[in-house]
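Read the figures in this text as sums done on the coordinates, not as results from a lab. Since this is a predicted model, take the numbers as computed values, not measurements. Reconstructed Cβ throughout: ideal geometry from the backbone, glycine too, with neighbour counts over all protein chains shown.
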Amino acid sequence: MTSIKIVCLSFFCIILLSLAASLAQAMHQRDSTEQGGWWSARRDSAGLAPDARKNSRLAIVQVYAAPTWGWKGVVAVHPWIIFKRAGETDYNRYEVISWGAGEKVRRNRNTPDGYWYGAKPRLLVEHRGPAAQAMIPQI
């Protein structure tokens, strides 16, 4: 087998494994969500964000993602970013939501680390201290 064929086969296997993992996660989400619709799905804190009051002296930046609602969750996630500056006791949450009226970039509409319509978020990125403080003006 040529090296090009090996690379192509490896890439194809990675794509298949990723799709299988996404499908399994979406099926688990569907099975574990109470009967009802998106309007009754869980949106409370997942307990992932550090306590902002206990860490008030520390700047924190985190990025989360959770599978989107329904069948789209097989291949799509909803990402968002939270941050707090050193000295603050509350997080700011920014996300892009394309539906509904008003601004598409929304601020503090949801819990910093809240479930996304029944789907538990995953922490993707975290920075703390001076590195996080330096990032915040750019966010």
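General remarks:
- Normalised radius of gyration (Cα atoms, divided by 2.2 N^0.38 Å) for the chain: 1.27.
- A straight Cα-to-Cα reach below 21 Å connects Lys84 with the lysines Lys54, residues fewer than 8 places away in its own chain not being considered.
- Helix axis angle, 3-32 relative to the chain longest principal axis, alpha carbon, degrees: 60 degrees
- Taking a straight Cα-Cα cut-off under 29 Å and skipping sequence neighbours fewer than 8 places away in the same chain, the lysines within cross-link reach of Lys72 are Lys104, Lys120.
- Gaussian network model of the chain, Cα within-10 Å springs - most flexible of Glu103, Glu88, Glu126: Glu103
- Helices in the chain, meaning DSSP H runs of at least 4 residues, each add -39500 (n - 2.57). Divided by all residues, the mean residue ellipticity at 222 nm is -9000 deg cm²/dmol.
- Note on Val63 and Glu103: the extension gain reaches 12.3 nm, defined as 0.36 nm multiplied by sequence separation minus the Cα-Cα distance.
- Top of Gly100, Gly36, Gly114 by mean-square fluctuation, Gaussian network on the chain, Cα under 10 Å: Gly100
- GNM top mover of Pro67, Pro121, Pro50 - the chain, alpha-carbon springs below 10 Å: Pro50
- Residue exposure sequence - Trp71, Trp39 - by fewest surrounding Cβ within 10 Å: Trp39, Trp71
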